[in-house]
Each structure stands twice: as C-alpha cells, then as structure tokens.
1. For the residues Ser113, Ser159, what sequence is obtained by ranking on other C-beta atoms within 10 Å, fewest first?
2. Mind checking the dipole of the chain: about its Cα centre, +1 per Lys or Arg Cβ, -1 per Asp or Glu Cβ, Debye to the nearest 20?
3. If I model a spin label at Ser66 and Ile14 as a point 7 Å from the Cα along the Cα→Cβ vector, what separation in nanometres do I get?
4. Which of the helices in the chain, when you take each full DSSP H run, stretch at least 15 Å along the axis at their Cα atoms and have an average Kyte-Doolittle score of -1.0 or higher?
5. Taking +1 at the Cβ of each Lys and Arg and -1 at the Cβ of each Asp and Glu, which of Ala204, Leu97, Val131 sits farthest along the dipole of the chain towards its positive end, judged by Cα position relative to the Cα centre?
6. Distance from the Cα centre of region 36-74 to that of region 134-159, in angstrom?
7. Compute the distance in nm between two label points, each set 7 Å from the Cα along the Cα-to-Cβ direction, one at Val186 and one at Tyr96.
8. How long is region 7-216 along each principal axis, judged by its Cα atoms, biggest number first, in Å?
Amino acid sequence: MDSVDELADSDLLIRWRGGDKAAAQVLIQRYYPKLERFFMNKVTSDIGDLVQDTFYALVTKHDRISDNAKFRSYLFAIAYKLLQLRFRNEARRPGYLDVDRITAYDMEPGPSSVAARHEEEKLLLAALRRVPLNDQVLFELHYWEGSSRTEIADILGCSAIAIKGRLQRAHDRLRKTIADLATSPVVRDSTITNLQRWAQGIAAQRKPHGQSVEPAGSEQNSDEDA
C-alpha cells in the first residue's frame with residue numbers, strides 16, 4: 001500500500017472527506033503555499049482565513065474528481081470564487097462585480113502583501129494590482145503556478161482556445177500599466193523587457209508557510225462516521 005505522502009491529490013481528498021487527518025495534512029502542506037500566494041497580491045488582510053475557507057469548501061463539497069489532473073484547477077476555481085465573493089461584498093453596488101474591469105487595488109487599496117527584493121519586482125506587483133482582476137489572475141497563474149491554458153480556462157470558466165488571446169491582451173495592458181506607474185525609465189524598461197524573469201523571481205521567493213492549519217471538516221466527518 002502506498003504511503004499517504006505518495007497518494008495523488010484526488011485520492012488524498014477522498015480520504016480527507018472520510019475523516020483521515022493524515023491525508024488532510026499532506027494536501028494542506030502541498031497547497032497552502034500556492035493558495036497563500038494566490039491571495040497575497042490581491043487582498044490586504046485575512047489571507048489565512050481565505051486559504052482556510054478554500055480548504056473548507058474543498059472538503060465539504062460532494063463533487064468527485066475522477067481525473068487527478070483536474071484537481072489543481074478545481075481547487076483554484078474555488079479560491080477564485082471566494083475572492084470574487086469577498087470583493088462582491090465590498091463593492092459599491094453590493095452583489096455586482098465586473099472582473100474584466102475591476103482591479104484588486106480598486107477593491108482594497110494599498111501596497112502588495114508580497115515581499116519584493118528588487119525595484120522591478122515592486123513595480124510589477126503594483127502593476128498587477130492595477131490591471132483587471134481576470135488579467136491579474138491569468139498572469140499570476142501562468143507565471144507563478146505554471147498553470148496550463150486548459151487549467152486556466154477551467155479556473156476562469158472559458159475555453160482553452162480563448163486563453164492565448166486573453167493572455168496576450170493581459171500582457172499588453174500590464175505593460176502599459178507598468179509604464180504608467182514607473183518613476184524610473186531604467187526600472188520601467190528592465191521590468192517590461194524581462195517580465196517573465198521578474199514574475200518567476202517573485203514566485204521563487206515565496207517559501208512555504210508554516211502550516212498549523214486544523215484540517216477543515218475532518219472532525220465533522222469523523223463524527224459522522226462514528
């Protein structure tokens with residue numbers, strides 16, 4: 001029998017939903033840093049709560065993920081829905097949110113929660129918070145998580161064919177925003193010219209968070225099984 005650490009994500013989820021705390025901890029350790037990174041450049045507070053809520057929604061849903069390759073996009077789709085719910089509740093028109101126009105900075109003004117070592121990284125993070133939310137999510141999933149077009153399409157709820165064009169348009173808007181925000185021509189040009197390098201450098205800095213998360217739903221499931 002395979003050890004818990006060697007199980008596929010979808011198998012770990014089945015065990016977690018059955019009350020297996022060891023499986024829960026393995027899945028949390030695998031995805032806590034990724035979910036934390038997903039939220040960090042978009043909200044200015046309660047990041048840990050959003051990550052916990054994502055895991056809770058994951059384990060309490062009844063959907064069965066038969067294809068393990070779909071697990072990551074399924075998880076990030078939950079995270080993105082929770083982010084939209086938060087912003088929708090904060091919107092000037094309650095319940096309305098246009099993710100193709102609204103930006104993270106519009107909803108929660110302030111600097112990024114992500115640490116940056118270089119001026120180019122600071123500029124890129126600031127620009128990402130000022131492009132439409134769908135653009136930001138698309139860009140960060142592509143460069144920070146290495147998500148495929150198919151995965152991103154599943155998360156955003158569109159076709160994989162459309163992602164190539166959307167990514168190009170997102171790049172164009174991001175470059176313009178970088179140029180508008182930059183105070184130094186040297187930093188501006190370096191950021192735009194080496195966009196992928198700076199984006200991946202930010203992702204590489206994010207070390208796994210020290211997870212001390214109580215497996216959401218485990219106790220409830222255990223009580224039901226008893």
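Only the coordinates and a few stated rules stand behind these numbers; no lab work does. If you're wondering where the values come from, they're calculated on a predicted model, not measured in any experiment. Cβ: placed from backbone, ideal geometry, glycine included. Neighbour counts: every protein chain shown.
1. Ser159, Ser113
2. Details: 32 positive and 33 negative charges, 225 e Å.
Roughly 1080 debye for the chain.
3. 1.2
4. Helices meeting the criterion: 21-40, 47-60, 71-90, 133-144, 160-181, 195-205.
5. Val131
6. Each part reduced to its Cα centre gives a spacing of 14 Å.
7. Reported label-point gap for Val186 and Tyr96 is 4.7 nm.
8. Over region 7-216, Cα extents along the principal axes are 56, 36, 33 Å.
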